[in-house]
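What follows is one structure encoded as structure tokens, with my remarks underneath.
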Amino acid sequence: MSRREIVIDPITRLEGHGKIHIFLNEKGEVDRAYFQVPELRGFEKFAVGRPAEEMPQITSRICGVCPTAHHMAATKALDDLYQVDPPPAAKKIRELVYCTFMVEDHALHFYFLGGPDFVVGPTAPKAERNILGVLARAGLEIGREVIGVRKQLRDLITRVGGKVIHPVFGLPGGIAKPLTPEDREAFLAGADRAVQFALFSLKLFEDIVLKNPQYVEWIRSEAYTHRTYYMGLVDDRNRVNFYDGWLRVVDPNGREFLKFPVRDYLKHIAEHVEPWSYIKFCYLKDVGWKGFVDGPESGVYSVAPLARLNAADGMATPRAQEAYEQFYATLGGKPVHHTLANHWARLIELLYAAERMQELARDPEILDPRVRTLPTAVPREGIGVVEAPRGTLIHHYETDERGIITRANLIVATQNNATRIAMSVDKAARSVIRNGEVGEGILNLVEMAFRAYDPCHACATHALPGQMPLLIRIYNPRGELVREIRRD
Amino acid sequence: MKILILGLGNDLLGDDGIGLLTVRALREELGGSEGIELVESSLSGLALLDLLIGYDRAILIDAVQTGRAPPGTIWRWRAEELGAVRAPSPHYAGLPELLAIARALRLPFPEQIEIYAVEVADPRTIGGALTPAVRQALPELVRQIRERVRKSLSADAIPEGQPGKSQAGRTIEDG
């Protein structure tokens with residue numbers, strides 16, 4: 001069989017490195033598109049033998065993109081390891097810092113990474129599909145505000161948490177120091193600005209994307225649609241929460257399928273290995289692995305903004321709830337299966353995070369100086385979870401009685417999403433590549449499928465590029481090897 | 001004149017720590033000098049914008065895998081040239097874009113950004129040490145940057161073409 005190979009590489013604007021291989025058949029149509037990433041090696045080995053208490057610092061240094069998410073997941077795993085419940089003020093300060101991080105990170109993605117596809121347009125020339133193109137259409141003032149608001153929020157995180165890469169913040173049972181009234185004022189000011197910024201961004205999305213029928217058609221097109229399960233953290237009233245709660249899974253019809261504490265994650269989540277990729281593909285054990293297919297019979301699930309909205313019954317803050325209702329009213333009810341709707345969902349989450357910052361900063365209890373419960377229990381096993389910007393992040397450590405790690409496992413957001421991302425790339429490739437025609441705009445349409453998830457491989461993998469040695473094998477339906485691609 | 005010397009990378013990841021280790025070594029010699037700031041960062045991509053704002057000049061130190069030279073080779077580029085460089089590190093992916101943003105928004109951004117990058121062998125194993133070739137390149141890299149900074153301070157301007165386009169992408173053999 002003769003095939004023509006098109007490699008899209010590197011994936012522009014992505015923080016990290018991935019490769020998409022598209023295989024065409026003799027008719028010039030897509031036979032199969034593969035999405036692959038190199039994987040960071042040796043974390044488990046590195047962690048074993050180290051004190052568990054080092055994990056919030058170490059894991060936050062694994063990733064240059066979302067260190068705050070790793071720091072928080074690791075800190076929560078330590079709470080669990082030492083069986084300590086942090087005082088209320090400590091939990092609130094942690095959530096405040098975490099929401100600040102979510103605003104900053106979501107803003108970055110929308111304007112710099114995902115935004116160019118929509119604000120500038122998916123078929124615009126590559127040279128214009130970037131932040132400069134966004135600024136040309138949205139105005140320079142917006143550019144200054146994006147940079148200004150992000151800087152203010154990053155400074156807030158540094159103020160209470162230390163350097164983002166070397167945080168002095170989370171400890172088992174609480175945090176390092178209480179919030180001062182001056183800190184609180186600074187957070188209130190940052191929160192107010194963040195809410196205005198979020199409202200403005202949603203308005204921009206409405207004006208530029210939703211009022212353009214062509215864009216809405218793209219969002220709703222079958223090429224960017226998968227009917228999968230969705231997972232996300234929810235609070236006691238099934239509303240989206242980034243910091244804590246239950247893991248809730250809804251089925252492709254939007255009905256609750258599972259709701260469990262993260263402690264039970266191994267009962268429900270399993271990992272599938274494919275010969276062509278180093279990444280492990282997560283799926284729901286209760287449904288089973290049926291391959292890269294959607295529908296209720298397939299255990300494929302998704303995380304990240306769209307999944308979180310689908311897995312919840314609503315948002316916990318008023319304006320975000322309004323935006324949530326408009327989202328489902330516009331896109332035809334719950335759940336929404338359109339991958340590109342992630343961009344809109346991300347802005348709704350940005351608004352929620354900003355409103356939640358306001359709520360937490362206004363809460364009088366947040367100034368309570370009691371921010372640490374000292375651990376006394378003998379450690380054995382600890383599991384922590386947060387919703388990272390890119391989806392559910394789980395840290396799991398086992399230790400000896402001195403707290404020295406004997407086993408460590410991380411499930412990062414992109415791993416949860418890996419199956420659906422691979423499906424999206426394949427499906428988008430099939431729908432837009434015909435008769436071997438692969439123009440620049442068409443290739444971007446394939447990449448868009450990928451970028452909507454905001455996949456980050458800086459922790460699932462490391463960021464440095466180059467030719468990672470990799471072997472790709474392709475089998476026919478009878479299990480025979482028909483092609484081997486070696487990259488040395 | 002405010003000069004930023006920014007080491008990029010991750011010291012948990014073997015050779016990826018070369019940028020940070022270089023800054024640590026330079027800190028012993030240049031720390032406390034008027035107008036020079038030495039910063040280590042594991043942040044990547046667009047977060048660099050925040051770090052670069054407010055300086056007149058910047059030197060970035062990083063690890064790369066181009067596959068076109070043996071490990072330990074020191075590369076020198078200017079930020080403007082990166083678009084043409086094959087497989088630059090995503091630590092500064094989009095650096096030309098950042099420059100364009102800064103210009104468009106008239107942000108106080110370094111007029112000149114130079115990159116010193118070391119060709120590395122293994123930047124992906126957590127807990128790994130520097131590989132021998134990269135470790136051997138460290139003193140030479142420190143020396144080159146120290147000289148570069150001293151020249152800049154005495155002339156208070158980067159002389160054209162030093163290291164300019166004529167030397168772009170040239171490999172300087174270690175030792």
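Does A:PHE205 fit the bill of being outside any strand (DSSP E or B) and more than 23 Å from B:ILE101 (Cβ to Cβ)? Considered against the rule, which asks whether it is outside any strand (DSSP E or B) and more than 23 Å from B:ILE101 (Cβ to Cβ), A:PHE205 comes out as no.
Taken over the stretch B:15-36, the criterion of being surrounded by fewer than 24 Cβ atoms within 10 Å (Cβ to Cβ) and touching a Pro at 6+ places or on another chain (Cβ under 9 Å) is satisfied by B:ALA25 alone. Screening the stretch B:101-124 for residues that are β-branched (Val, Ile, Thr) and under 16 Å from the mean Cα position of the chain (by Cα) and picking the one that is nearest to B:ALA137 (Cα to Cα) gives B:VAL118.
Any residue that is over 23 Å from A:LEU132 (Cα atoms), of a type outside the set (Lys, Arg), within 14 Å of chain B (Cβ to nearest Cβ) and assigned to a helix (DSSP H, G or I) - is there at least one of those in the stretch A:160-168? No; the residues of the stretch A:160-168 include none that is over 23 Å from A:LEU132 (Cα atoms), of a type outside the set (Lys, Arg), within 14 Å of chain B (Cβ to nearest Cβ) and assigned to a helix (DSSP H, G or I).
The number of residues in the stretch B:125-151 that are within 14 Å of the chain's Cα centre (by Cα) and among the hydroxyl-bearing types (Ser, Thr, Tyr) comes to 0.
Just to verify a result, which residue in the stretch B:128-137, among those that are closer than 27 Å to B:LEU4 by Cβ and surrounded by fewer than 22 Cβ atoms within 10 Å (Cβ to Cβ), is farthest from the other protein chains (Cβ to nearest Cβ)? Looking at residues that are closer than 27 Å to B:LEU4 by Cβ and surrounded by fewer than 22 Cβ atoms within 10 Å (Cβ to Cβ), I get B:GLN136. Kindly indicate whether A:SER221 is out of contact with any helix residue (DSSP H, G or I) (no Cβ under 7 Å at 6 or more places or on another chain) and in contact (Cβ under 8 Å) with a residue 24 or more places away in the chain. Against the criterion (out of contact with any helix residue (DSSP H, G or I) (no Cβ under 7 Å at 6 or more places or on another chain) and in contact (Cβ under 8 Å) with a residue 24 or more places away in the chain), A:SER221 qualifies.
Picking from residues in the stretch A:392-430 that are over 19 Å from A:TYR243 (Cβ atoms) and among the β-branched types (Val, Ile, Thr), the one that is most open to solvent (accessible area, probe 1.4 Å) is A:THR406.
When only residues in the stretch A:118-143 that are assigned to a helix (DSSP H, G or I) and farther than 25 Å from A:ARG193 by Cα count, which is least open to solvent (accessible area, probe 1.4 Å)? Ranking the candidates gives A:VAL120 first. Filtered by the rule that a residue be without any contact (Cβ under 8 Å) to a residue 60 or more places away in the chain and of a type in the set (D, E, K, R), the stretch A:84-139 gives A:GLU104, A:GLU128. Could we say that A:ALA107 is out of contact with any Asp or Glu (no Cβ under 7 Å at 6 or more places or on another chain), within 11 Å of chain B (Cβ to nearest Cβ), surrounded by fewer than 18 Cβ atoms within 10 Å (Cβ to Cβ) and within 30 Å of A:LEU445 (Cβ to Cβ) here? Against the criterion (out of contact with any Asp or Glu (no Cβ under 7 Å at 6 or more places or on another chain), within 11 Å of chain B (Cβ to nearest Cβ), surrounded by fewer than 18 Cβ atoms within 10 Å (Cβ to Cβ) and within 30 Å of A:LEU445 (Cβ to Cβ)), A:ALA107 does not qualify. When the residues of the stretch B:100-112 are filtered to those that are modelled with pLDDT under 90 and open to solvent by less than 10 Å² (accessible area, probe 1.4 Å), the one that is farthest from the other protein chains (Cβ to nearest Cβ) is B:ALA102. For the stretch B:113-127, the candidate set comprises residues that are buried (at least 19 other Cβ atoms within 10 Å of the Cβ) and facing another protein chain (nearest Cβ under 7 Å); within that set, the residue that is farthest from B:GLN65 (Cα to Cα) is B:ILE126.
In the stretch A:71-92, the residue that is farthest from A:ILE157 (Cα to Cα) out of those that are open to solvent by less than 10 Å² (accessible area, probe 1.4 Å) and under 22 Å from the mean Cα position of the chain (by Cα) is A:ALA77. Taking A:ALA194 as the residue in question, decide whether it is in contact (Cβ under 8 Å) with a residue 12 or more places away in the chain, assigned to a helix (DSSP H, G or I) and buried (at least 22 other Cβ atoms within 10 Å of the Cβ). So A:ALA194 fits the description; yes. Each residue in the stretch A:334-355 was checked for being over 21 Å from A:VAL446 (Cβ atoms), under 19 Å from the mean Cα position of the chain (by Cα) and open to solvent by 10 Å² or more (accessible area, probe 1.4 Å), and 1 pass.
The values are calculated or read from the model by the stated rules, or taken from the named source; none is laboratory data. Keep in mind that what you see is a predicted model, and the values were worked out from it rather than measured. Neighbour counts run over all protein chains shown; Cβ positions are idealised from the backbone, glycine included. Just so you know, the surface numbers come from the protein's heavy atoms only, side chains and all, with ligands and any DNA or RNA stripped out. Shrake-Rupley method; radii C 1.70, N 1.55, O 1.52, S 1.80 Å.
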